[in-house]
Amino acid sequence: MQFVRMLFWVLILAALLIFTAFNWKPVEVQIWTNLVLETKIPALVIVAFLLGLVPTWLIHRGTRWRLNRRISHLENAARGTASARPLDTSPPPPPSPPPPDVDRPLP
């Protein structure tokens with residue numbers, strides 16, 4: 001699994017480097033009427049990607065953290081109720097003796 005994850009990130013990095021090499025052109029981004037930002041296309045694409053990825057990633061991490069806390073709280077509560085039950089350590093009652101043989105008259 002670690003190899004697949006590493007291969008995935010290497011492929012993403014290679015695609016990003018190829019994209020950067022072929023698109024290293026300056027562009028002008030007009031933010032307001034009097035404010036113009038001159039940047040390269042790859043920087044613009046990476047910033048846009050991160051603006052979409054980071055909030056989603058933070059929500060994911062926050063949800064995972066909250067659920068892990070909830071699971072550990074429930075596990076601790078279950079562990080506490082399991083240890084709170086008294087254990088029946090008394091020996092079992094002895095078996096009852098078999099009924100005595102009764103002499104029945106034969107018919």
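Scan the stretch 31-43 and tell me whether some residue there is surrounded by 10 or more Cβ atoms within 10 Å (Cβ to Cβ), in a helix (DSSP H, G or I) and without any contact (Cβ under 8 Å) to a residue 24 or more places away in the chain.
Yes - at least one qualifying residue is present in the stretch 31-43.
Among the residues of the stretch 1-30, how many are without any contact (Cβ under 8 Å) to a residue 12 or more places away in the chain and of a type in the set (D, E, K, R)?
The qualifying residues number 2.
Assess whether Met1 counts as being of a type in the set (A, V, I, L, M) and surrounded by 10 or more Cβ atoms within 10 Å (Cβ to Cβ).
Against the criterion (of a type in the set (A, V, I, L, M) and surrounded by 10 or more Cβ atoms within 10 Å (Cβ to Cβ)), Met1 does not qualify.
Looking at Ala84 and the list (1) over 30 Å from Thr20 (Cβ atoms); (2) at pLDDT 90 or above; (3) among the hydrophobic types (A, V, I, L, M, F, W, C), which single condition is not satisfied?
Single failed check for Ala84: (2).
Looking at the stretch 36-85 only, could you name the residues that are of a type in the set (Phe, Trp, Tyr) and closer than 23 Å to Leu13 by Cα?
Passing the criteria: Phe49, Trp57.
The values are calculated or read from the model by the stated rules, or taken from the named source; none is laboratory data. Computed from a prediction, not measured in an experiment: that's the story for all the values here. Using ideal geometry, Cβ is built from the backbone for each residue, glycine included, and neighbour counts are taken over all protein chains shown.
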